[in-house]
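The values are calculated or read from the model by the stated rules, or taken from the named source; none is laboratory data. Every value quoted in this text rests on a predicted model; they were computed, and no experiment measured them. Heads up, the Cβs are rebuilt from the backbone with ideal geometry, glycines too, and the neighbour counts pull from every protein chain shown. Surface accessibility is based on the protein's heavy atoms, side chains included, excluding ligands, DNA and RNA. Shrake-Rupley method; radii C 1.70, N 1.55, O 1.52, S 1.80 Å.
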Amino acid sequence: MTSNEDGISRRSALQTLATTGLALGGLTGVAAAGGSDGDYQAPADYPLISTRGHFDDDGNLTSSGTTYNYYGEGDWAKYTESWHDEIIVFVHGWNQDDSEDQDIDGAYTCELALEQNGVSQTNVGYSWDSDRGWWTAVDIAKRNGPKLANWIANWTNNGGDPIRLVGHSLGAQVVASTLANLHAWGYYNAVETVSLVGAAIPDQTVSTEDKYGDAIEYSSYSFGNFYNREDSVLNWAYSSAEWDTALGEQGIQDGLAAPYNYQELDVTQQVPDHGSYYEPGDGCMPEVVASW
């Protein structure tokens, strides 16, 4: 059900704990026009799981990167309260520049929306080399699967709180590849919930008849997809680049079997544009929280 591009093979990773006409220009233009998440600014010490700098502009591993490694950034202790009993990891989408703090700003924005809906827990971001050309970024997203899966495995093995994953846009590919690796490594229900918003992955891949369906059933307790039929970035830019329909535009492809723990919701009326899914007061986080 999974391919080598998702990085499935693993033996030594658990033995080493990591530290705590359409050119791309056209796609970039449409993505930039995809709306705003509200322009909230995160504190400079906001906590991150990061793999920034692990891939070069061509998608090759750099000297800093291995198949499974990651590193921590920010002040984790400062943002973790003793009464917190879960951790929420926000995985950003394509073309997010860490030098402009777009990675931490997105995670912080999602946290504010969750708090607005009564969820106050440990929130962290997952930052990856998404600021590359589209097809290179897709490959890098897939290859971040074993990295985030390794963090989840280490976190779980060391008694960490239950994990919720929120993946936006191309961050959905990171999340799907993560579940594929957790499945291959035998981590049953490793993630409490997965919530994909505006998912930029093909609409058939979550089916039990396709690439990620079995992994969704095995490695996540509950899986939710929140899609917007009027998302212009997915409708035009994604479909033009991939010659496929995005999961975040129409939901799972008609006629295909969904995993038993899969649910999806049309949030077209709640979400005005591609950047607003996790924006406080203007996105679909109330529906996400209700699904938990």
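Values as computed for the structure displayed
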| quantity | calculated |
| --- | --- |
| For P162, net neighbour charge (Lys/Arg +1, Asp/Glu -1) across residues whose Cβ lies under 9 Å away | -3 |
| Cα pair distances of the chain binned at 5 Å [whole percent] | 1, 6, 13, 19, 21, 19, 13, 6, 2, 0, 0 |
| Rounded to whole Hz, the Karplus (6.51, -1.76, 1.60) HN-Hα couplings of the stretch 177-184, x for glycine and proline | 5, 4, 4, 4, 6, 4, 4, 5 |
| Accessible surface of the chain [probe 1.4 Å, protein heavy atoms]: carbon and sulfur percent | 45 percent |
| Extension gain (nm, one decimal) between S82 and S239, 0.36 nm per residue minus Cα-Cα | 52.0 nm |
| Stretch gain in nm, segment T156-D266, where the contour uses 0.36 nm per residue and the Cα spacing is subtracted | 36.4 nm |
| Estimated [θ] at 222 nm from DSSP helical runs (n ≥ 4, -39500 (n - 2.57)) normalised by residues in the chain, nearest 500 | -8000 deg cm²/dmol |
| Whole-Å distance, taken between Cα centres, linking the stretch 261-292 and the stretch 76-120 | 16 Å |
| Three-way shape label, the stretch 138-237, alpha-carbon gyration tensor, a/c 1.5 | prolate |
| Solvent-accessible area per residue, Å², over the chain with all protein chains present [probe radius 1.4 Å] | 40 Å² |
| Magnitude of the charge dipole, the chain, Cβ model with Lys/Arg +1 and Asp/Glu -1, debye to 20 | 980 debye |
| Computed accessible area, Y262, all protein chains, 1.4 angstrom probe, square angstrom | 30 Å² |
| Three-way shape label, the stretch 76-202, alpha-carbon gyration tensor, a/c 1.5 | oblate |
| Table column - 3J(HN,Hα) (Hz), the stretch 142-158, Karplus curve with 6.51, -1.76, 1.60, x for Gly and Pro | 4, 7, 7, x, x, 6, 5, 4, 5, 4, 4, 4, 5, 4, 5, 5, 9 |
| Cα gyration tensor shape of the stretch 66-137, rounded if a/c is under 1.5, else prolate or oblate by comparing a/b with b/c | prolate |
| The stretch 68-186, dipole about Cα centre (Lys/Arg Cβ +1, Asp/Glu Cβ -1), debye to the nearest 20 | 620 debye |
